[in-house]
Amino acid sequence: MSETVTGAGVGADWRGWQNSWDRQQEWYMPDREERFRVMLDMVEACVGPAPRVLDLACGTGSITDRLLKRFPDAVSTGVDLDPALLAIAEGTFAGDPRVTFVTADLKDAGWVELLPYDSYDAVLTATALHWLHSEPLAALYGQVAGLVRDGGVFMNADHMIDPATPRINAAERAHRHAGMERAKAAGAVDWADWWALAAEDPVLAGPTAKRYEIYGEHADGDMPSVAWHAETLRAAGFAEARPVWASPSDTLLLALK
Ligand SMILES: C[S@@+](CC[C@H](N)C(=O)[O-])C[C@H]1O[C@@H](n2cnc3c(N)ncnc32)[C@H](O)[C@@H]1O
């Protein structure tokens, strides 16, 4: 990845890293952008065009980026644990007073205390909470319910697996993976390739080494069903919860406080 000389000295090409992150994630989810669009439609529908948002497990700040482009009067707090992805997020939004990033482990009970606000109009997350097993995820949902104001929303866009439909799940997975293999043969960059590029970058090499110490290669939870997410969110204090969008592999679930 190239470097750009700025007035402040030498910095990485943050927009280039954002774009390559998007391409890598789209290899797994070709309809990722559509999913973000519906998420922001539902933010506008439920809490209006100037929300205070928590971008939960924000990575490079993909949700925050789309949020601020569409709703310039929004503000966002991004929280994540990955030092390399947070470096890209912080580099991208440097100097933007609407955005704050917080380094925290969502499995640590105290992460909420590190936030700059004690309540949010919307807590939004994508392709992240499947890293957590059901038990810590249920505890996290309890904390999220405490952060969303009455009338506010939580949305989770992620891979959710229905154990009652094993043959549909297997067929969908095989079809999706065949498409991914074709894209890979045509040059698509996957997760491992992308992290290898980051490890070679002079600015990201250090934080990338640290993220491998924290996570290892990857961490998957048990990916519970849509019904489990909706029930757990209602038990945590949300009044309503249901999917507002789905693809064959992913669901965008909305919970209203
Ligand atoms: C695949 S990335 C998705 C990032 C972003 N939401 C997006 O859609 O591009 C998953 C993110 O979840 C974060 N994450 C996973 N477990 C976490 C935890 N326990 N605490 C904080 N962040 C976590 C990872 O660091 C990573 O940035």
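Numbers at a glance
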item: So Asp150, is it away from the ligand (no atom under 12 Å from the Cβ), loosely packed, with under 14 Cβ neighbours inside 10 Å and modelled with pLDDT under 95; result: no
item: Within region 85-115, tally of residues that are exposed (fewer than 15 other Cβ atoms within 10 Å of the Cβ) and within 25 Å of Arg15 (Cβ to Cβ); result: 5
item: For Ser76: the one exception among (1) surrounded by fewer than 20 Cβ atoms within 10 Å (Cβ to Cβ); (2) in contact with a Lys or Arg (Cβ under 7 Å, 6 or more places away or on another chain); (3) hydroxyl-bearing (Ser, Thr, Tyr); result: (1)
item: Within region 132-144, tally of residues that are in a helix (DSSP H, G or I) and buried (at least 19 other Cβ atoms within 10 Å of the Cβ); result: 4
item: Long-range neighbours under 8 Å by Cβ, at least six apart or interchain, first residue more than 18 Å from Val79 (Cβ to Cβ) within region 40-60, second more than 16 Å from the ligand (Cβ to nearest atom) and among the aromatic types (Phe, Trp, Tyr); result: Leu40/Phe71; Glu44/Phe71; Pro49/Phe71; Ala50/Phe71
item: Criterion: within 12 Å of the ligand (Cβ to nearest atom) and farther than 18 Å from Asp105 by Cβ - qualifying residue of His218, His159; result: His159
item: Scan of region 18-39 for residues that are among the small types (Gly, Ala, Ser) and closer than 18 Å to Pro72 by Cα, ordered by number; result: none
item: Region 219-240, subset among the aliphatic types (A, V, I, L, M) and within 21 Å of Arg32 (Cα to Cα), residue surrounded by the fewest Cβ atoms within 10 Å (Cβ to Cβ); result: Ala219
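The values are calculated or read from the model by the stated rules, or taken from the named source; none is laboratory data. Only a predicted model underlies this, so the values are computations on that prediction, with no experimental measurement involved. Neighbour counts are summed over all protein chains in view; Cβ atoms, including those assigned to glycine, are modelled from backbone coordinates with ideal geometry.
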